[in-house]
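S.K.: Okay, handing you the structure first.
The values are calculated or read from the model by the stated rules, or taken from the named source; none is laboratory data. What you see is a predicted model; the values in this text were computed from it and never measured. So basically every Cβ, Gly included, is an ideal-geometry build from the backbone, and we count neighbours across all protein chains shown. For the accessible areas, the whole protein counts, side chains as well, though only heavy atoms, and no ligand, DNA or RNA atoms are used. Shrake-Rupley method; radii C 1.70, N 1.55, O 1.52, S 1.80 Å.
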Amino acid sequence: MSDKPASSSQRALHELREKIFAGELAAGSDHLESELAEQLNMSRTPVREAVLMLESQGLLEMRPRKGVRIRPLAPEDMAEIYDILTELESLAAERAAQADLDEDELKDLAKAIDDMDIAIAQSDLDAWANADDRFHAELVRLGRNERIMSIVHMMSDQVRRARMTTLFMRPLPTKSNEDHRRVYQAIKDGDAKTARETHRDHRREAKKIIVDLLQKHRLRFL
């Protein structure tokens, strides 16, 4: 049985999100819903539904009589988001280590790390970012806490946007790969304390790198 085709609102959501990440809809810019609908060659109804979803994810905001505003990448916002994700993902890593998972259950986590290593070897930062997304999503899933998954998912687009904006400004993230492999090994070994502490340190370092870059390059728009 084939999957159902994506609805118009789902397609609008995907296309608007990608335009924001690509900078085609620049941070701080204003747009009318009719303009966005014309860009996507859609009616306004699915665009309105997509806009409401993206607003709930923190990527844009609706302003009365002014249309849609693409939210800026504010360093202080990202610092707060990373603080929350650091604690939640570290708890997920701890719980995963306590779950006595076998290699088959950990294969997707291991595959993401392998793909990150391949991407670094090829200096392919886009591929690295994709594999990094998969690692974090799988780590949270292995923690088996629905509320953690829900909160992390809600914030994931904002983190992805900040990281994609700063990705080519930083050195190759080889240490990130090493950190991920240590977390994987701790989970495999059932070492909950090491899994939690290693991932917490990793996320704190990632926060510092991204927030410092946002501040340094003044990637905050009024």
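S.K.: Could you give every pair whose Cβ atoms fall below 9 Å, whose first residue belongs to the range 79-99 and is modelled with pLDDT under 95 and aliphatic (A, V, I, L, M), and whose second residue is open to solvent by 10 Å² or more (accessible area, probe 1.4 Å) and not in a helix (DSSP H, G or I), counting only separations of at least 6 or pairs across chains?
M.R.: Between residues of the range 79-99 that are modelled with pLDDT under 95 and aliphatic (A, V, I, L, M) and residues that are open to solvent by 10 Å² or more (accessible area, probe 1.4 Å) and not in a helix (DSSP H, G or I), the close pairs are Ile81/Gly58.
S.K.: Which numbered condition trips up Lys188, out of (1) open to solvent by 40 Å² or more (accessible area, probe 1.4 Å); (2) over 17 Å from Ser90 (Cα atoms)?
M.R.: Every condition holds for Lys188 apart from (2).
S.K.: Just checking, does the range 168-183 include any residue being farther than 21 Å from Asp117 by Cα and open to solvent by 60 Å² or more (accessible area, probe 1.4 Å)?
M.R.: no
S.K.: Right, another one. Take Ile151 and decide whether it is over 13 Å from the mean Cα position of the chain (by Cα) and not small (Gly, Ala, Ser).
M.R.: Taking the combined requirement at face value, the residue does not satisfy it.
S.K.: Further question: Given the criteria without any contact (Cβ under 8 Å) to a residue 40 or more places away in the chain and either in contact with a strand residue (DSSP E or B) (Cβ under 6 Å, 6 or more places away or on another chain) or closer than 20 Å to Ile20 by Cα (or both), does Ser150 qualify?
M.R.: Taking the combined requirement at face value, the residue does not satisfy it.
S.K.: Let me ask another. Do we find that Gly28 is in a loop (DSSP other than H, G, I, E, B), outside the structural domain of Arg204 (by TED's automatic domain parsing), closer than 30 Å to Leu142 by Cα and among the small types (Gly, Ala, Ser) in this structure?
M.R.: Judged against the criteria, Gly28 is not a match.
S.K.: A further question follows. I'd like the full set of residues that are crowded, with 18+ Cβ neighbours inside 10 Å and part of a helix (DSSP H, G or I), limited to the range 139-154.
M.R.: Across the range 139-154, the qualifying residues are Leu139, Val140, Leu142, Ile148, Val152.
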